[in-house]
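Undergrad: Could you have a look at this structure, given as structure tokens, before my questions?
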Amino acid sequence: MNAAYTILLLIGSNIFMTLAWYGHLKLQQTGVSTHWPLIGVIVFSWIIAFLEYCLMIPANRIGFEGNGGPFSLMQLKVIQEVLSLVIFTVIATVMFQGEALHWNHLAAFLCLVLAVYFVFL
């Protein structure tokens, strides 16, 4: 069950992370934050990133084998990176029209899936 909680928390964490890092660009595209000073954009992103940390830290604590979880440190990191790229791809293609997947992106994702396979050997 710890594995499922860890994955769910990592998914939520990565959604907030992606929105913190790239959401302000969408706000700028729509004109909402066009006139915000850079410090305002940074504070806005930090507020969202706080929510990311509220999920990421428990995910790592629950999932880490040193705390009774099922994953090694390396496994946690690879899982997080794969989730990060998958979630980024979904958000980028939905929020930013015109961002499309190309064959090289799919090849890179295949390499990441292989990385997950190898880290769990």
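The values are calculated or read from the model by the stated rules, or taken from the named source; none is laboratory data. Keep in mind it's a predicted model, so treat the numbers as computed, not measured. For neighbour counting, all protein chains shown are included, and Cβ atoms are generated from backbone atoms with ideal geometry for every residue, glycine included. Ligands, DNA and RNA are excluded from the accessible area calculation, which covers all protein heavy atoms including side chains. Shrake-Rupley method; radii C 1.70, N 1.55, O 1.52, S 1.80 Å.
Undergrad: Among the residues in the range 57-72, are any within 19 Å of the chain's Cα centre (by Cα) and exposed (fewer than 13 other Cβ atoms within 10 Å of the Cβ)?
TA: yes
Undergrad: Name the residues in the range 3-61 that are outside any helix (DSSP H, G or I) and touching a helix residue (DSSP H, G or I) at 6+ places or on another chain (Cβ under 7 Å), would you?
TA: Step one: of the range 3-61, the residues outside any helix (DSSP H, G or I) are 31-37.
Answer for the range 3-61, where residues must be outside any helix (DSSP H, G or I) and touching a helix residue (DSSP H, G or I) at 6+ places or on another chain (Cβ under 7 Å): S33, T34.
One line per residue, one yes/no per condition, for (1) among the acidic types (D, E); (2) farther than 28 Å from Q97 by Cα:
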| position | (1), (2) |
| --- | --- |
| H24 | no, no |
| P37 | no, no |
| I42 | no, no |
| E52 | yes, no |
| L55 | no, yes |
| P58 | no, yes |
| G63 | no, yes |
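Undergrad: If you don't mind, there's one more thing I want to ask. Does K77 satisfy being surrounded by 12 or more Cβ atoms within 10 Å (Cβ to Cβ), free of Cβ contacts under 8 Å to residues at least 24 places away in the same chain and of a type in the set (K, R)?
TA: On the way: surrounded by 12 or more Cβ atoms within 10 Å (Cβ to Cβ): yes; free of Cβ contacts under 8 Å to residues at least 24 places away in the same chain: yes; of a type in the set (K, R): yes.
So K77 passes the test.
Undergrad: Report, by residue number, each residue of the range 73-121 that is among the polar types (S, T, N, Q), more than 15 Å from the chain's Cα centre (by Cα) and under 27 Å from T30 (Cα atoms).
TA: Q97 - this is the single residue of the range 73-121 that is among the polar types (S, T, N, Q), more than 15 Å from the chain's Cα centre (by Cα) and under 27 Å from T30 (Cα atoms).
Undergrad: Let me ask another. Filter the range 80-104 down to the residues that are of a type outside the set (S, T, N, Q), open to solvent by less than 70 Å² (accessible area, probe 1.4 Å) and in a helix (DSSP H, G or I) and list them by number.
TA: V82, L83, L85, I87, I91, A92, M95
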